[in-house]
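To start, the structure itself, in structure tokens.
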Amino acid sequence: MTGSSETVRVHMTGSEWFASAPGGLNRYFTDLFQALARQPGAEVSAAAFGLGSPTVPGARTWGGTGGSTLRRARIAFLDRARLHPGTVLDRHFCLYGPAAVGRRGRLPLVVHFHGPWAAESRLTGQRAAAVRAKYLIERLRYAGADRFVVLSNHFRDVLHTDYRVSSARIAVIPPGVDLNRFSATPIRPDTENRTVLCVRRLERRMGIDTLLRAWPGVLADHPTARLVIVGTGTAEAELRSAAAPLGDTVEFAGHVDDQRLTELYEQAELTVVPTTALEGFGLIALESLAAGRAPVVTDCGGLPDSVRDLDPSLIVPARDADALSARVAAALDGARPTPAQCRAHAETFSWDVTARRHLAMYRAITQ
């Protein structure tokens with residue numbers, strides 16, 4: 001067993017490394033691994049799919065992101081290379097990763113609950129049988145976990161209610177944000193190009209359809225405003241169709257790299273995160289704050305946790321196009337926190353703080 005001053009050995013398993021498959025879960029997994037690797041008292045290894053694993057000791061890949069789901073699940077399940085005695089297995093996606101069994105028996109198991117896989121699949125239109133199968137896989141892979149980690153109180157409630165997990169086994173640990181990737185630049189006073197930025201996967205539950213319905217109301221007060229939507233997804237065609245009547249006031253930028261995203265934040269006056277369902281926290285809201293741009297968010301899931309202590313008026317009801325339109329227009333009129341205030345609030349969410357809280361949890365379950 002490890003004491004409070006001894007090194008904790010942790011092996012993390014994820015879905016994909018962020019460099020190979022950008023997305024909120026993969027960003028979280030990658031950044032948390034790197035933050036834990038910086039901590040004294042931690043010996044951390046991690047494995048996920050993708051050829052862009054970090055150049056940090058302990059980072060490994062199971063191979064490329066292609067191939068069947070069944071094949072990838074088998075590869076990950078059979079990988080027990082790092083499961084030495086006393087290692088904490090920290091699983092970030094239920095489908096991938098070995099069983100919590102090491103060379104001398106059962107290992108401490110932590111499960112990160114990033115969202116209900118089955119419910120997310122139901123919202124994308126998958127058949128009831130497939131949704132049920134995913135739910136049963138989740139329940140099976142969650143069995144025997146010593147601790148579950150969620151990013152918000154909302155997902156704690158989902159995990160407790162829908163998956164029958166005792167609240168005593170759930171730790172709420174907010175995510176961090178990479179403060180070095182962004183800087184809070186002044187907002188450019190460009191009345192001819194008032195830019196609002198939305199960075200989201202183009203999926204129905206992300207609420208971009210609500211934002212597009214709200215946009216004519218914003219234009220009524222700010223005719224020169226333009227909306228830039230960053231991301232790709234299965235709903236892209238229908239969203240582009242919905243945006244067509246709005247002409248060149250809406251731009252779909254597709255996938256962008258980190259450098260281009262930083263430039264888009266600098267050009268924007270504010271951002272919008274209009275999610276309507278299954279939002280665990282909203283890492284993108286923290287990134288916006290780190291870049292000095294106030295995010296208007298919905299009251300969906302854990303999103304309010306990102307801005308409540310900064311300015312609760314930034315929170316609007318999900319699916320309410322009129323409320324969203326009015327708040328975005330007011331923000332363009334100046335009713336928003338300054339870049340310095342946004343940055344200061346983002347600094348209360350650091351990866352080092354998040355990593356230290358994880359280390360304390362790992363020690364608690366190995367003592």
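Based on C-alpha pairs under 8 angstrom that are at least 6 apart in sequence, the chain has a relative contact order of 17 percent. For segment 194-346, the ratio of Cα radius of gyration to the globular rule of thumb 2.2 N^0.38 Å stands at 0.93. The separation of segment 55-97 from segment 277-325, counted between C-alpha centres, amounts to 33 Å.
Sorting His11, His154 from the fewest to the most surrounding beta carbons within 10 angstrom yields His154, His11. The angle between the Cα long axis of helix 128-142 and the longest principal axis of the Cα atoms of the chain comes to about 50 degrees, rounded to the nearest 10. Charge dipole (Cα centre; +1 on Lys/Arg Cβ, -1 on Asp/Glu Cβ; no other charges) of segment 1-153 amounts to roughly 560 debye.
Once the Cα atoms are used to define both axes, helix 351-366 deviates from the longest principal axis of the chain by about 30 degrees.
Taken as Cα centroids, segment 337-351 and segment 138-193 sit 18 Å apart, rounded to the nearest whole angstrom. With each label modelled as a point 7 angstrom along the Cα→C-beta vector, the Thr161-Asp352 pair spans 3.8 nm. Net length available on complete extension from Ala129 to Asp190 is 16.7 nm, with 0.36 nm assigned per residue and the Cα-Cα distance removed. With R₀ set to 25 Å, the beta-carbon distance separating Ala81 from Ala19 gives a calculated FRET efficiency near 0.70. Using 13 Å as the cut-off for backbone N distance, which residues of segment 263-289 belong to the label zone defined by a point 7 Å from the Cα of Val256 along Cα→Cβ? Under cut-off, by backbone N: 263-272, 288.
Would you calculate, for the chain, the mean residue ellipticity at 222 nm contributed by helices, counting each DSSP H stretch of 4 or more residues as -39,500 (n - 2.57) and dividing by all residues, to the nearest 500?
-11000 deg cm²/dmol
Over segment 194-346, Cα pairs under 8 Å with separation of 6+ residues give a relative contact order of 27 percent. Note on Thr338/Arg38: beta-carbon distance plugged into 1/(1 + (r/R0)^6) with R0 of 35 Å gives a FRET efficiency of 0.70.
Remark: the Ala220-Ala237 segment gains 3.5 nm on full extension, using 0.36 nm per residue and subtracting the alpha carbon distance.
About its Cα centre, the chain has a charge dipole of approximately 2000 debye under the convention of +1 per Lys or Arg Cβ and -1 per Asp or Glu Cβ, with nothing else charged.
Of all DSSP beta bridges in the chain, what percent run antiparallel (nearest 5)?
Bridges in the chain that DSSP calls antiparallel: roughly 5 percent.
In plain terms, the chain from Arg139 to Ala326 could stretch by 63.1 nm, reckoned as 0.36 nm per residue minus the Cα-Cα distance.
Since every read-out is calculated from the coordinates, none of them should be taken as a lab result. Worth saying up front: this structure is predicted, and the values here are computed from it rather than measured. Note: ideal-geometry Cβ built from the backbone for every residue, glycine included; neighbour counts use all protein chains shown.
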